[in-house]
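S.K.: Can you keep this structure in mind? I'll have questions shortly.
Every number in this text was worked out from the coordinates using simple rules, so none of it is lab data. Remember, predicted model here, so these are calculated numbers, not experimental data. Quick reminder, even Gly has a Cβ in these numbers, built from the backbone with ideal geometry, and neighbours come from all protein chains shown.
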Amino acid sequence: MREPPGEQTRYPLRAVIRQTGLSADALRAWERRYGAVQPTRTSGGQRLYSVHDVERLILLKRATTAGHSIGEIARLDRETLERLVARSASSPGPKPLATAVDAVVREALVAAEALDVVGLERLLRRGALALGSAVFIDEALPRFLRTIGEQWHRGEVTPAHEHLASQTARRVLTWVTMAYDAPADAPRIIVGTPARELHELGAMLAVAAAAGEGWRPVYLGPDLPAADIAAAAEQIGARAVALSLVHGDGKATLRQLEEIARLLPESTTLIAGGVAAVRLERMLADTRILVLRDLESLRAVLRERRSAPPVAAD
């Protein structure tokens, strides 16, 4: 019998630790003592977790962070857990998760300003483990990069500080992405930036987010012509193409996107994100190109498309 969508991808323990922010000991206790999830095992005894297992663990982590006892909530169904987390998020007073994100960003900025590359990488890795990869990728790391960029533009830090922050972020994003182990038949997504777009951190964030959603991302890097992007997508049978646009120059960028859309099969979802894509949103309204404003929206689209029929590769 075919497994339902979202159950085909299985994650090893190390990937779940990074996604959820839970320690290995906590995961074992939640499974054995409380029955929170029931991972499968390989013939060698390695625990493997489904996408739904990971999503459930993230909800449980958020609920316990808000003060609920794991013993009381471990066996609640997903809908009840989501309501519980939503109520906790809307209640007055400081939010533990938001406070934790603030702390990671604040400490990372201090390390960057001191040009402490070792300390910065250690802090960011620790932040990914503590917050869980989704919160780290969607909230903490973008806020850190945005803040250091704003400080650079105001003259509060030098280009050296900004470059150190960017290079360290690249290494940490690669480290986070490498933790995922999607099967060979997982849906594939091409990620990169079009020609003359050299800013690649947004694309690397999209790679990490896609890996976390059970996709096999193929990262092409920055500054690629439209024809090459489309050809790569066709070669691997990509189900989606995601492009990051930060410094796009209007009509020229629009022409590139339209060319890529023309070259791709209709079954391949074409996604554009970043501040330049948002500026073009109205002009792209009548096209097949999806303009997404944040990584949360990207995750939602990828979850929906994960169950779509595969595209045949050459």
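S.K.: Work out, step by step, the length gained on full extension between H52 and R126: first 0.36 nm times the residue separation, then minus their alpha carbon distance; give nm to one decimal. It would help to have the intermediate numbers written out before the result.
M.R.: Values: separation 74, 0.36 × 74 = 26.64 nm, distance 2.46 nm.
Separation in residues times 0.36 nm, less the Cα-Cα distance, equals 24.2 nm.
S.K.: For region 10-90, what does the alpha-carbon gyration tensor say about shape, rounded, prolate or oblate, given a ≥ b ≥ c as the root eigenvalues, a/c under 1.5 as rounded, and a/b over b/c as prolate?
M.R.: On the way: a/c = 2.00, a/b = 1.90, b/c = 1.05.
Judged from the Cα gyration tensor, region 10-90 comes out prolate (a/c at least 1.5, a/b above b/c).
S.K.: Grab the Cα-Cα distance for A232 and D77, subtract it from 0.36 nm times how many residues apart they are, and report the gain in nm with one decimal. Intermediate results must be reported in sequence, preceding the final value.
M.R.: Details: separation 155, 0.36 × 155 = 55.80 nm, distance 4.14 nm.
Full extension of this stretch gives 51.7 nm more.
S.K.: How large is the charge dipole for region 108-266, taken about the Cα centre, if only the Cβ atoms of Lys, Arg (+1) and Asp, Glu (-1) carry charge, to the nearest 20 debye?
M.R.: Roughly 180 debye for region 108-266.
S.K.: For region 188-305, restrict the atom set to alpha-carbon positions and state the Rg and Dmax in Å.
M.R.: Over region 188-305's Cα set, Rg and Dmax evaluate to 12.3, 34 Å.
S.K.: Of L59, L124, I73, which is farthest along the charge dipole of region 39-152 in the positive direction, counting Lys and Arg as +1 and Asp and Glu as -1 at C-beta?
M.R.: I73
S.K.: Let me ask something else about it. With label points built 7 Å along Cα→Cβ from the Cα atoms of A252 and M178, find their separation and express it in nm.
M.R.: 3.5
S.K.: Between the DSSP loop rule and a limit of at most 10 other Cβ atoms within 10 Å, which trypsin sites (Lys or Arg not before Pro) in region 99-198 are left? List each step's numbers first, then the result.
M.R.: Values: sites: R106, R122, R125, R126, R143, R146, R154, R170, R171, R188, R196; in loops: R154, R196.
For trypsin sites (Lys or Arg not before Pro) across region 99-198 that sit outside H, G, I, E and B with at most 10 neighbouring Cβ atoms in 10 Å, the list reads R154.
S.K.: I've got another one for you. Which one, T253, A86, L270, is farthest towards the positive end of the dipole of the chain when Lys and Arg carry +1 and Asp and Glu -1 on their Cβ?
M.R.: Looking along the dipole axis, the top candidate is A86.
S.K.: If you don't mind, there's one more thing I want to ask. For region 127-220, take the alpha-carbon Rg, divide it by the Kirkwood Rh, and send me Rg/Rh.
M.R.: Working: Rg = 14.3 Å, Rh = 14.2 Å.
Result: Rg/Rh = 1.01.
S.K.: Classify region 40-146 as rounded, prolate or oblate, taking a ≥ b ≥ c as the square roots of the eigenvalues of its Cα gyration tensor: rounded when a/c is under 1.5, otherwise prolate if a/b is larger than b/c and oblate if not. Don't jump to the answer; show the numbers that get you there.
M.R.: On the way: a/c = 2.87, a/b = 1.38, b/c = 2.07.
Because a/c hits 1.5 or more and a/b fails to exceed b/c, region 40-146 counts as oblate.
S.K.: Take every DSSP beta bridge whose two residues both sit in the chain, then give the antiparallel share in percent to the nearest 5. Before the final figure, lay out each step's value.
M.R.: Working: 5 of 24 bridges.
Close to 20 percent.
S.K.: Taking the structure as given and computing Kirkwood radius over Cα pairs in Å, which label from (i) 20.6; (ii) 22.5; (iii) 19.2 fits?
M.R.: Given (i) 20.6; (ii) 22.5; (iii) 19.2, the structure-derived one carries the label (i).
S.K.: Still on this structure: I need the GluC sites (Glu not before Pro) found in region 210-314, filtered to DSSP loop residues with at most 15 other beta carbons within 10 Å of theirs.
M.R.: Values: sites: E213, E234, E258, E259, E266, E281, E296, E304; in loops: E213, E266, E281.
The qualifying sites are E266, E281.
S.K.: Let me know the shape class of region 107-153, please: from the alpha-carbon gyration tensor, a ≥ b ≥ c as square roots of the eigenvalues, rounded when a/c is under 1.5, otherwise prolate if a/b is greater than b/c, or oblate.
M.R.: Values: a/c = 3.33, a/b = 1.27, b/c = 2.63.
Verdict is oblate for region 107-153.
S.K.: Only four residue types carry charge here, +1 at the Cβ of Lys and Arg and -1 at the Cβ of Asp and Glu. Report the dipole size of the chain about the Cα centre in Debye, rounded to the nearest 20. It would help to have the intermediate numbers written out before the result.
M.R.: Numbers: 41 positive and 38 negative charges, 181 e Å.
That gives a dipole near 860 debye.
S.K.: Once fully extended, how much extra length lies between D223 and H153, figured as 0.36 nm per residue of separation less the alpha-carbon to alpha-carbon distance?
M.R.: Numbers: separation 70, 0.36 × 70 = 25.20 nm, distance 2.35 nm.
Contour length minus the Cα-Cα distance gives 22.9 nm.
S.K.: In angstroms, what radius of gyration and Dmax does region 172-248 have, counting Cα atoms only?
M.R.: That works out to 11.9, 35 Å for Rg and Dmax.
S.K.: Let's see if you can work this out: charge +1 on each Lys and Arg Cβ, -1 on each Asp and Glu Cβ, no other charges. What is the dipole magnitude of region 96-178 about its Cα centre, in debye to the nearest 20?
M.R.: The dipole magnitude comes to about 220 debye.
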